[in-house]
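What follows is a single structure, written as structure tokens, with notes after it.
Computed from the coordinates by the stated procedures, all read-outs in this text should not be read as laboratory data. These numbers were taken from a predicted model, which means no experiment stands behind them. Here the Cβ positions follow ideal geometry from the backbone for every residue, glycine too, while neighbour counts run over all protein chains shown.
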Amino acid sequence: MDRVYLDHAATTPVDPEVAEAMSRVLHDTHGNPSSIYAEGRAARAAVDRARDEVAAAIEAEPSEIVFTSGGTEADNLALRGALKARRDERDGLVTTAIEHHAVIDTARDLERYAHVRLTVVGVDRQGVVDPAAMREAIDERTSLVSVMHANNEIGTIEPIAEIGGICRDLGVTFHSDAVQTVGALEVDVRKIPIDLLSINAHKFYGPKGVGALYVRRGTRLATMQTGGGQEKGRRTGTENVAGIVGLGVAMRIARERRATESPRQARLRDRLISRVRTRVPDVVLNGHPTDRLPNNASFCVPGTDGESLIVALDLEGFAVSSGSACTSGETEPSHVLLALGLDREVAKGSLRVTVGRSTTEADVDAFVRALEHIVARLRNAAAVAV
Amino acid sequence: MNGRIFVAMSGGVDSSVAAAILAERGESVVGVWMRLVPTGSNADAPRCCGTDEAGEDARRAAAALGIPFYALDYAEVFGEQVVDRFVNAYAGGETPNPCVSCNQHVKFDALLHDVVRKFGGDRLATGHYARATTGSDGRRHLLRARDAAKDQSYALYMLGQRELGRIEFPIGELRDKSETREIASRFGLPTAAKAESMDICFVPSDYRELVRVRAPEAFVSGPVERTDGTVVGAHAGIGGLTVGQRSGVGVATGERLYVLRLEPDRGAVVVGTKDEIATTHYRLTDVRFVAGEAPSAEFATNVVLRYRGIPLAATVTMRGNEARLNLGAPALVAPGQAAVFYAGDEVVGGGVVARPAG
């Protein structure tokens, strides 16, 4: 059966050019980047080229890029490292109710085991964080503020430039999980007053298991793990050379294509949203109607449940998600949807559709047709015995 | 017959082999595993087919067969229709059969409904040892498994034409365990013979402990009496007792005493010797027939009164959807158990043994 993949927020297929570059480095460059001889120098050069690509994509300096094992590790390093580095002077962490589990669960863990004072700020019904509410939550002991750039489930883009400005004025370190935006939106650390920013390769057609944390020069960051001192001691451990090379190439391709690809995806997204709204009665669009990720359409379909929607759509050949891929298998409504103030029953019928580079108008139209009849079937099922 | 067939996969070898047989037949097979206990409850229910660990086994088996696989959540319906019923029945002096409740309410109601109505499936298959066949008139029949030693048709008696029209039991035709193993190894399925347990699947060790925790009111001590009303001892609560079990009292007299009746209303237990078992009539409730209706208002049958029990000659007299079961000889049957009617290898129907009135 032909498959239509519409879950690019969960992960993206590796670009063939990325796979090719990774394969080449696996075959040809076996050295340890820390070694001083020729093989080591070759590996180090490959890692540094990737570092240049990532830095260039966000207008950072190469020395400000720390490679990690992905977005989760970047988030953990940012939160744990920043709070640890300043723990003698400040102990407060302010974040939002709609952060990814990699942030919110880390924050709760720090609250419980590291005596961090945690403040969680809510969002409005469209998932937007109010900078004034953030300002309100910050006090003289606040060490770190963490607000995601755009939400992975509902797609809402947050006013991080404004929040970053507030943090800078107050001497508070500012972190943003930009896993969903780097590669899709302009992220310029010269324009946004940001100190720490998480990046994940597999969200922009790179490999899984590699990411990066941008650390603005001068930002105090302690390490989480101890060892050989790679990445200037900020993330020690022998580099994932092939993964890092893949990240670099994927970053370059994303940067080259962003100006044409993101508006193209936004048009597909808008087509999808408007068709779903016309064809599926009572559907609710989650997130901000316009300030949202170019590839993200998130809905609640009252009278259905996410699990059944996903299974039924998969059997028809469509890969979508009910929320975040990281929590699939749970039937509880997501913390993000509940933070919007959605009714529990409504939030159960959540559906996230995220288009990508390979998505066509025909894919979108076929998806909407399938969704229309599946929703009708599921709503009927509630009323009919076997 | 070219629609999708869903297979309820428990993670065990039987349901995996059921899926393999269907896949080999060229059917469009979809594996589903039912989560029956909330996530993270594994430690408390090591043998339950509805825990995460069993789900992982089912997922691996489906992957080995190359079929789609979904883990679906039925913890709520299982909790209400199986676990709660189980506790309430014991607390009320009955001896429930949780496999019957699970088949009736979870597998062949909630799951079958979802397969057909939500997912557009054509049929549901399970790894039960039983056979479902179609007669020349198009009617479905439920039969014992070919391997009598593994037969599970007793716990499926409640299935009617509507359900059986959409159900298949692919392993019911297998001759014996070696054939199951042979198919499993041919498909690269894990054949490790897991400890085959006769215990209740959702209770880790002692079911009385579950009842004690959930229904402490059923663990109030009371008198143990003989049939003439003589008090011969005390018990620790009827929630931990079953009709037919050996009684601890009477050791002094040298008599072998059995629990004849549990009377929860007055907290009493009545015990007696085998000779005192005089009951030949039982009232059955919620009587169902595979064919949809009773063969006649009164019919002779062979009745099985417990899982893997011996068929006993009996007659059944219908009264609406209840019935009176008349046994050829006195027998002690625990209320709450299923009484299943057989005609040879064929399941005719059955009902639930009611507590004797007064």
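Amide H contacts of residue B:268 (H built 1.01 Å from N, in plane; Pro and chain starts excluded): B:263 sit under 5 Å, all sequence-distant by 5 or more or on other chains. Please name which of A:119, A:376, A:274 has its Cα lying farthest along the dipole of chain A towards the positive end, using unit charges on Cβ (Lys, Arg +1; Asp, Glu -1) and the Cα centre as origin. The one lying farthest along the dipole's positive direction is A:119. Let me know the shape class of the range A:54-173, please: from the alpha-carbon gyration tensor, a ≥ b ≥ c as square roots of the eigenvalues, rounded when a/c is under 1.5, otherwise prolate if a/b is greater than b/c, or oblate. Rounded shape, in that the Cα axes give a/c under 1.5.
Of all aspartates and glutamates in the structure, those lying under 13 Å Cα to Cα from residue A:203, and not within fewer than 8 positions of it along the same chain, are A:7, A:15, A:177. Report the net charge of residues surrounding residue A:31, where surrounding means a beta-carbon distance below 15 angstrom and charges are Lys +1, Arg +1, Asp -1, Glu -1. Surrounding charge for residue A:31 is 0. Shape analysis of the protein assembly as shown yields a ratio of the Cα radius of gyration to the Kirkwood radius, Rg/Rh, of 1.07. Phi angles across the range A:284-296 convert, under the Karplus curve 6.51 cos²θ - 1.76 cosθ + 1.60 with θ = phi - 60°, into 3J(HN,Hα) values of 10, 8, 8, x, 6, x, 10, 7, 9, 4, x, 10, 9 Hz, Gly and Pro given as x. 3J(HN,Hα) along the range A:263-275, derived from phi through the Karplus expression 6.51 cos²θ - 1.76 cosθ + 1.60 where θ = phi - 60°, amounts to x, 5, 5, 4, 5, 5, 4, 5, 4, 5, 4, 5, 5 Hz, with x in place of Gly and Pro.
Using Cα atoms only, what is the angle between the long axis of helix A:38-57 and the major principal axis of chain A, expressed in degrees (0 to 90) to the nearest 10? Value to nearest ten degrees: 50. Quick check: from the Cα gyration tensor, does the range B:74-178 come out rounded (a/c under 1.5), prolate or oblate? Note, shape of the range B:74-178 comes out oblate. Largest GNM mean-square fluctuation among A:352, A:125, A:255, using chain A with Cα springs under 10 Å: A:125. Counting only other residues whose beta carbon sits under 15 Å from that of residue B:352, what net charge do I get with K and R as +1, D and E as -1? Within the 15 Å Cβ shell, the charges total +4. The angle between the Cα long axis of helix A:16-28 and the main principal axis of chain A comes to about 40°, on a 0 to 90 degree scale.
Comparing Cα centroids, the range B:85-114 and the range A:39-86 end up 56 angstrom apart.
Stokes-Einstein, applied to the Kirkwood radius of the range A:16-253 over Cα pairs at a viscosity of 1.002 mPa s and 20 °C, places its translational diffusion at 119 µm² s⁻¹. Remark: relative contact order (the range A:12-162) = 17 percent; criterion is Cα-Cα distance under 8 angstrom and separation of 6 or more residues.
What you get for the range A:16-253, charging only the Cβ of Lys and Arg (+1) and of Asp and Glu (-1), is a dipole of about 580 debye around the Cα centre. The local environment of residue B:270, defined by Cβ-Cβ distances under 12 Å, has a net charge of -1 under the rule Lys, Arg +1 and Asp, Glu -1. Here the translational diffusion coefficient of chain B follows from Stokes-Einstein with Rh set to the Kirkwood radius across Cα pairs; for 4 °C and 1.567 mPa s it amounts to 60 µm²/s. Mean sequence separation of contacting Cα pairs (under 8 Å, at least six apart), scaled by the length of chain B, corresponds to a relative contact order of 16 percent. In terms of overall dimensions, the C-alpha atoms belonging to the range A:225-382 reach 60, 35, 30 Å along their principal axes, ordered largest to smallest.
The sum of -39500 (n - 2.57) across all DSSP H runs of n ≥ 4, divided by the residue count of chain B, sets its helix-only mean residue ellipticity at 222 nm to -4500 deg cm²/dmol. Against the longest principal axis of chain A, how steep is helix A:306-315, in degrees 0 to 90 to the nearest 10, with axes from Cα atoms? Compared with the principal axis, the helix lies near 80 degrees.
Peptide A:308-319 has a mean of 3 when you count, residue by residue, the C-beta atoms of other protein chains within 10 Å of its C-beta. Mean-square fluctuations from a GNM of chain B, with a 10 angstrom spring cutoff on Cα atoms, peak among B:265, B:57, B:206 at B:265.
3J(HN,Hα) couplings calculated from phi for the range B:125-135 with the Karplus curve 6.51 cos²θ - 1.76 cosθ + 1.60 (θ = phi - 60°) are, in sequence order, 10, 10, x, 7, 8, 6, 10, 10, 10, 10, x Hz; Gly and Pro show x. Just to be sure I understand: of the beta bridges DSSP finds with both ends in the protein assembly as shown, what percent are antiparallel, rounded to 5? Here the share of antiparallel DSSP bridges comes out near 65 percent. Taking amide H as placed 1.01 Å from N in the peptide plane, the amide H of residue B:70 sits under 5 Å from that of B:31, B:32, B:33, each at least 5 places away or on another chain.
Between B:97, B:321, B:302, which gets the highest mean-square fluctuation from a Gaussian network model of chain B, Cα cutoff 10 Å? Looking only at B:97, B:321, B:302, the biggest GNM fluctuation is shown by B:321.
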